[in-house]
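Report on the following structure.
The values are calculated or read from the model by the stated rules, or taken from the named source; none is laboratory data. Model, not experiment: these values are computed from the prediction. When we count neighbours, we look across all protein chains shown, and the Cβ atoms used for this are built from the backbone with ideal geometry, even at glycine. Please note that ligands, DNA and RNA were not included when accessible areas were found on the heavy atoms of the full protein model with its side chains. Shrake-Rupley method; radii C 1.70, N 1.55, O 1.52, S 1.80 Å.
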Amino acid sequence: MQYELRTQVIEAKRKTFTNLTARFGDRPASRYEEGSIDIQAVTNFHYRPLWDPEHELYDPTYSALRLTDPYSFTDPRQLYYYPYVTARSHLHEAFASTLSYLESRSLMEKLPEGWKAALAQAVIPMRHYEAGAQMISADGCRFAYGTTIEQCLSYASFDRIGTAQLLSKAGITLDGGTDSLLGAAKTHWLENADLQPLRRYVEQLLIEKDWAVAHVGLDLVDQMLYGLLYAHLDEAALLGGAGGYSLIAQHLSGWFADHRRWVDALYKAWLADAEHGESNRAALAGAVARLLPGATDAVAGVARIIDGHLSVGAEDYVTARSAGLAGLFAKES
Amino acid sequence: MAAPRKLSMKQRYAALTHDLDWDFSYVDNAEAYPYTTFEGIKIHDWSKWEDPFRLTVDAYMKYQAEKDKRLYAVLDSFAQGQGHLSLADAKYLNAMKLFLQGVTPLEYQAHRNFSFLARHLNGPGPRFAALCQSQDELRHAQTEIHTLSNYNKFYGGFHSWHHQHDRVWYLSVPKSFFDDAVSAGPFEFMIAIGFSFEYLLTNLLFVPFMSGASFNGDLPTMTFGFSAQSDESRHMTFGLEAIKFLLEQDPDNVPIVQEWIDKWFWRGYRLLALVSQMLDYMLPRKVMSWKEAFELYFEQQMLGGLFKDLEYYGIRPPKHVQHAIDEKEILSHQVYWTLYQFSFAAAFNTTTPDSEHLQWLAEQYPDTFDTLYKPLWDKASRMVEGGGRHFARALPQLCQTCQIPMLFTEPGDPTTICQRHSIYEGERFDFCSDGCKWIFDREPEKYVQAWLPVHQIYMGNCGGPTVPDVLAWYGLQPGDNGEYAGSQEALDWAAWHTTSHAPAPTPVAGN
């Protein structure tokens, strides 16, 4: 048996907001679209910034990388705030269960020879790298043109501080519940010669005026560093009996795969732009040519620390990845 | 050796947050933080910033995800059950149109500029607090859009809110307010938005809309309001911490902060003129009068409470506060009378108050309403009865600072329009009040840049020379504007509430 609900049917006068029907035709819009497209003001600004009178409050010329229509880029993940916090809430919960599992089985104490030192000196100090990445992304959130781009940067910024906290928690677990390993990791970040190229690189990205170039610079390191620490080293951990580390790394490699979806989509949109595509390509290739050597040095330093404790071919991995990135924005022949 | 001691909550929080920061040595600090010196604020020790919440990212995500899950469940069920039909009256939605057109874009701007703070403040404590607030403000912008999106499907005035925020005359009031804050330096922004807007005036801005929703059957907006409450209390705490931090860092900061309080109180108070008329005129079911709200939320709570605490730092109440107090009996009436006459060019409807409404206004404003304002409404009603609904014919002059039409009256004389002016570089600029003139005179080079909608219409930058040209450029659709009585909205509402359309209250079991 079924029961029938009688409901009042009133025909809607509109399917969604005018800007969306103008853009996509007369169809209902998703919550991502309603909350992300055309939200930023684009015209009739009242005052120029006191701290930068050359620009409007929101201004495409804050970067050399431009889109004719900023909304030609949309987040392939369709993330607006609600699904974003829901997804990250799951990530942090899953990470917490991993840590409590590691703690309950004392898996950090059982890591094979060399692993604890490698993690303490090469992986845990990356919490500072992530904190720097937070600031770089937050700058993009303010200065990017258009809500769809800045929204991705905004979430990325919050993710970075979240990842810094995940790594810090892992450091506390690795040390049996104290923060002395975190203190030592900070000293490494500040003083270890092999980490100085990375720290210098991050500090210099912070004074990069063009938010998008800074973001490309960050991505160059990300691609090598995340590949090294959370893919290459993860493989080595599984083969080398350090499964405890793999349980941690899976969360970071999972996040990075998700993050790269929008970064790649943005590169594609920049390169495909009818009006700015060529100049974007030149700006991107120029940024890679200028920044990749420093980025490679930076990650090679991290790799040297790992190679000093474990025979996992970390530096060779970075050299190979760097070579792959050199042709990133080269013109297809 | 004894087992190492585990971390206390406080140590754990520090390890997860402040300790992530480091002192730069490869780049110059002044180059890494280029925006925190030009305003003259002196900060000696950023670590003195207190985080009242000790919030970490995992806890933030958990709370926010749970809150949004509940909120979106309400939005979905309200939409599915045609909940809009149980509003007090379709007229109520004029308040929400104003909210979406005027307030939601400000939430979004706050999102962007708190991210500026999350990058450009030198200390990790305030940076992280600003980062959380930036996320919250994006949440508020998006949840407001999603909350009101369902009304847009059935009612006018919601459909082009961002387009209109950049263009329509009365929306340049909130837009210029926030542009003013975002174009200032980071410390002024903290005082303008973090303190003045989010703390000093939030109960007068945000709460009346949410309470109005609750009194008028707008369950989604009320749920949004409750859902935003815990975010707002964090924001209020940020604002209070910001002002205390600046005042405690150096005595030289005190006069700078005092001037910002003076400026941003008046800037915010003028913006609230739009809220005053919403409370007294737009809500079919009244929450409280503007006068009562102002006395409770501003005079008692802020002047009687907050400013007593700030005295310790050498801070006195805002410069033009007495003028605001004196205006509480007349403000909403003057503003709504103006909107009534110019609503042919607005994305909401206005109408003459009915007899019950007039009675309520007389009770709330015994010293002013019957003598000063009731005669205007009586006259307007007579004109409507005679078939000639009154609209203004000329465009109003706008105040150069707050951009509200020059409708306010001389202090102590509610029948004489107040007009002030300044000469800057040989040109005359007009103001609605001493407060707005004072703000202009501090920074004339800033306020001469203002995009004044009426000037722009006369300069031919708004679609063309005629009213229909301008309204088309505003993106108004038929029925969005003008008189409510007899409007498409009123007709639809009546039709949807005839007996044949009455909501079916109980499910009927069938076979």
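Here are the numbers for this structure:
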| quantity | calculated |
| --- | --- |
| Residue match in the stretch A:174-189 (condition: at the interface with chain B (Cβ under 7 Å from one of its Cβ atoms) and among the aromatic types (Phe, Trp, Tyr)) | yes |
| Candidate set from the stretch A:149-198 (those that are assigned to a helix (DSSP H, G or I) and hydroxyl-bearing (Ser, Thr, Tyr)); member that is surrounded by the most Cβ atoms within 10 Å (Cβ to Cβ) | A:Ser154 |
| Criterion violated by B:Ser25 - all others in (1) of a type in the set (S, T, N, Q); (2) facing another protein chain (nearest Cβ under 8 Å); (3) crowded, with 18+ Cβ neighbours inside 10 Å satisfied | (3) |
| Extreme residue, nearest to the other protein chains (Cβ to nearest Cβ), among residues of the stretch B:31-58 that are among the basic types (Lys, Arg) and in a loop (DSSP other than H, G, I, E, B) | B:Arg54 |
| Some residue of the stretch B:142-155 being within 30 Å of B:Tyr35 (Cα to Cα), within 14 Å of chain A (Cβ to nearest Cβ) and crowded, with 23+ Cβ neighbours inside 10 Å | yes |
| Sole exception among (1) open to solvent by less than 10 Å² (accessible area, probe 1.4 Å); (2) modelled with pLDDT of 95 or more for B:Val103, by number | (1) |
| Close pairs (9 angstrom Cβ cut-off, 6 or more residues apart or separate chains): closer than 18 Å to B:Phe245 by Cα and at pLDDT below 95 in the stretch B:302-318, open to solvent by 60 Å² or more (accessible area, probe 1.4 Å) and part of a helix (DSSP H, G or I) anywhere | none |
| Flag if A:Ala330 is part of a helix (DSSP H, G or I) and more than 18 Å from A:Gln204 (Cα to Cα) | no |
| Subset tally (residues that are more than 14 Å from chain A (Cβ to nearest Cβ) and either touching a Gly at 6+ places or on another chain (Cβ under 8 Å) or open to solvent by less than 30 Å² (accessible area, probe 1.4 Å) (or both)) for the stretch B:437-469 | 2 |
| Within the stretch A:204-323, helices (runs of 4 or more DSSP H) holding 2 or more residues that are in contact (Cβ under 8 Å) with a residue 24 or more places away in the chain, open to solvent by 10 Å² or more (accessible area, probe 1.4 Å) and of a type in the set (Gly, Ala, Ser) | A:243-272, A:277-309 |
| Only one of A:Ile37, A:Ile10 that is open to solvent by less than 40 Å² (accessible area, probe 1.4 Å), touching a residue at least 40 places away in the same chain (Cβ under 8 Å) and either over 30 Å from B:Gly185 (Cβ atoms) or more than 33 Å from the chain's Cα centre (by Cα) (or both) | A:Ile37 |
| Filter pass, A:Glu34 being modelled with pLDDT under 95 and of a type in the set (D, E, K, R) | no |
| Condition met for A:Gln196 (polar (S, T, N, Q) and within 7 Å of another protein chain (Cβ to nearest Cβ)) | no |
| Selection from the stretch B:1-58 of residues that are at pLDDT 90 or above, acidic (Asp, Glu) and closer than 25 Å to B:Glu248 by Cα | B:Asp19, B:Asp21, B:Asp23, B:Glu39, B:Asp45 |
| Hits in the stretch B:328-376 (condition: under 29 Å from B:Gln488 (Cβ atoms) and in contact with a Pro (Cβ under 6 Å, 6 or more places away or on another chain)) | B:Thr338 |
| Pick from the stretch A:18-34, criterion facing chain B (nearest Cβ under 7 Å) and within 29 Å of the chain's Cα centre (by Cα), ranking: least open to solvent (accessible area, probe 1.4 Å) | A:Glu34 |
| Subset of the stretch A:51-85 that is more than 10 Å from chain B (Cβ to nearest Cβ) and farther than 20 Å from A:Val213 by Cα - its residue that is surrounded by the fewest Cβ atoms within 10 Å (Cβ to Cβ) | A:Gln78 |
| Unmet criterion (only one of (1) assigned to a loop (DSSP other than H, G, I, E, B); (2) farther than 30 Å from B:Ala184 by Cβ; (3) open to solvent by 40 Å² or more (accessible area, probe 1.4 Å)) for B:Asp19 | (1) |
| Residues of the stretch B:1-16 classified as among the hydroxyl-bearing types (Ser, Thr, Tyr) and either surrounded by fewer than 12 Cβ atoms within 10 Å (Cβ to Cβ) or assigned to a loop (DSSP other than H, G, I, E, B) (or both), total | 1 |
| Of residues in the stretch A:137-148 being open to solvent by 10 Å² or more (accessible area, probe 1.4 Å) and part of a helix (DSSP H, G or I), the one farthest from the other protein chains (Cβ to nearest Cβ) | A:Phe143 |
| Criterion (more than 30 Å from B:Leu471 (Cα to Cα) and charged (D, E, K, R)) met by exactly one of B:Asp309, B:Asp354 | B:Asp309 |
| Qualifying helices (runs of 4 or more DSSP H) (wholly inside the stretch B:156-226; at least 3 residues being within 14 Å of chain A (Cβ to nearest Cβ)) | B:161-165, B:172-182, B:186-189 |
| Qualifying residue in the stretch B:486-502 (condition: in a strand (DSSP E or B), touching a Leu at 6+ places or on another chain (Cβ under 7 Å) and under 24 Å from B:Met282 (Cβ atoms)) | no |
| Checklist (1) within 11 Å of chain B (Cβ to nearest Cβ); (2) more than 22 Å from A:His259 (Cβ to Cβ) applied to A:Ala96, failing item | (2) |
